[in-house]
1. So R103 fits all but one of (1) basic (K, R); (2) within 16 Å of ligand 1 (Cβ to nearest atom); (3) outside any helix (DSSP H, G or I); what number is the exception?
2. When you check E64 against the structure, is it under 17 Å from T202 (Cβ atoms) and without any contact (Cβ under 8 Å) to a residue 24 or more places away in the chain, yes or no?
3. Which number in (1) farther than 30 Å from G191 by Cα; (2) at pLDDT 95 or above; (3) open to solvent by 20 Å² or more (accessible area, probe 1.4 Å); (4) not aliphatic (A, V, I, L, M) marks the one condition that C36 misses?
4. Evaluate the following for A82: is it in contact (Cβ under 8 Å) with a residue 40 or more places away in the chain and more than 12 Å from ligand 2 (Cβ to nearest atom)?
5. So in the range 64-77, with the set limited to residues that are more than 19 Å from T212 (Cα to Cα) and either open to solvent by 70 Å² or more (accessible area, probe 1.4 Å) or touching a helix residue (DSSP H, G or I) at 6+ places or on another chain (Cβ under 7 Å) (or both), which one is nearest to ligand 2 (Cβ to nearest atom)?
6. Kindly evaluate G181 against the criterion of being at pLDDT below 95 and either touching a His at 6+ places or on another chain (Cβ under 6 Å) or within 17 Å of V214 (Cα to Cα) (or both).
7. Suppose we keep only residues that are surrounded by fewer than 14 Cβ atoms within 10 Å (Cβ to Cβ) and charged (D, E, K, R) within the range 43-63. Which one would you say is nearest to ligand 2 (Cβ to nearest atom)?
8. Tally up the residues in the range 131-171 that are open to solvent by 40 Å² or more (accessible area, probe 1.4 Å), among the hydrophobic types (A, V, I, L, M, F, W, C) and more than 19 Å from R76 (Cβ to Cβ), please.
Amino acid sequence: MPDTSQTYVAALADLFYPQRCVGCDRRASGVLCRVCFEALPRMGSPVCGRCGLPTAFETFVCEECKNVDFGFESARAPLKYAGVGKEIVYSLKYRGYKRVVERLAVPLMLEVLDDVHFDAVVPVPLHRSRLRKRGFNQAELLARGVAGKINATVSDTLEVVRSTRDQVELSAAQRRANVAGAYSARDPLFGRILLVDDVFTTGATMSACAGTLVRAGAREVHALSLCRTV
Ligand SMILES: [Zn+2]
Ligand SMILES: [Zn+2]
């Protein structure tokens, strides 16, 4: 069970401080002030059809990912994990602002989806102890927001079965080893799945989750995050 007092505090904060820009904390009429909105670190196009990195021309696979084995078919993110993008993730992760999800994150994420037909939307799960501490899973908030707009159901089939180290200091290879076998699917799945997280760094977490979903019966998995490191 999530810590309800924390979700309650987040909801209260949402009520009483709705007029602050999540990018710079100055007074604003929306979730972002005009300056921060214009400074959104958009990924732009074209991007690699597979890993979502910006590329010089349209391509199905880029130099960065051609030798990487991903469990997903494609990965997309509307923002680079920098500047205002980082501030938005921070506001989701530590405050769980619902209005940021609804008014900003979800519309941006929908912009980069080429095809919105999915049989289910699956959030990258948090380990139980982290969920207890935070009170909510920011990936689930995003997944619910996206699912609501594309008429898909949210599946909570994925769970963390082994706790992983904080990945911040780890290399790409260490990250893959760190998350190998960390996830499990409670129920079988089918069809086309949209896997959602807040940040895509090396793709190790998304890839491990996607592999688990494919073994549970998914035909294909597409990854969608709000931000991506470039
Ligand atoms: Zn601002
Ligand atoms: Zn690529």
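1. Failing condition for R103: (3).
2. Details: under 17 Å from T202 (Cβ atoms): yes; without any contact (Cβ under 8 Å) to a residue 24 or more places away in the chain: yes.
Considered against the rule, which asks whether it is under 17 Å from T202 (Cβ atoms) and without any contact (Cβ under 8 Å) to a residue 24 or more places away in the chain, E64 comes out as yes.
3. C36 satisfies all of (1) farther than 30 Å from G191 by Cα; (2) at pLDDT 95 or above; (3) open to solvent by 20 Å² or more (accessible area, probe 1.4 Å); (4) not aliphatic (A, V, I, L, M) except (3).
4. Yes.
5. The qualifying residue nearest to ligand 2 (Cβ to nearest atom) is E64.
6. Details: at pLDDT below 95: yes; either touching a His at 6+ places or on another chain (Cβ under 6 Å) or within 17 Å of V214 (Cα to Cα) (or both): yes.
In short, yes.
7. Once the filter is applied, the top-ranked residue is E63.
8. 3
The values are calculated or read from the model by the stated rules, or taken from the named source; none is laboratory data. All values reported here derive from a predicted model rather than from experimental measurement. In this analysis, Cβ positions are derived from the backbone assuming ideal geometry, glycine residues included, and neighbour counts consider all displayed protein chains. Accessible surface is based on the protein model in full, side chains and every heavy atom, while ligands, DNA and RNA are left aside. Shrake-Rupley method; radii C 1.70, N 1.55, O 1.52, S 1.80 Å.
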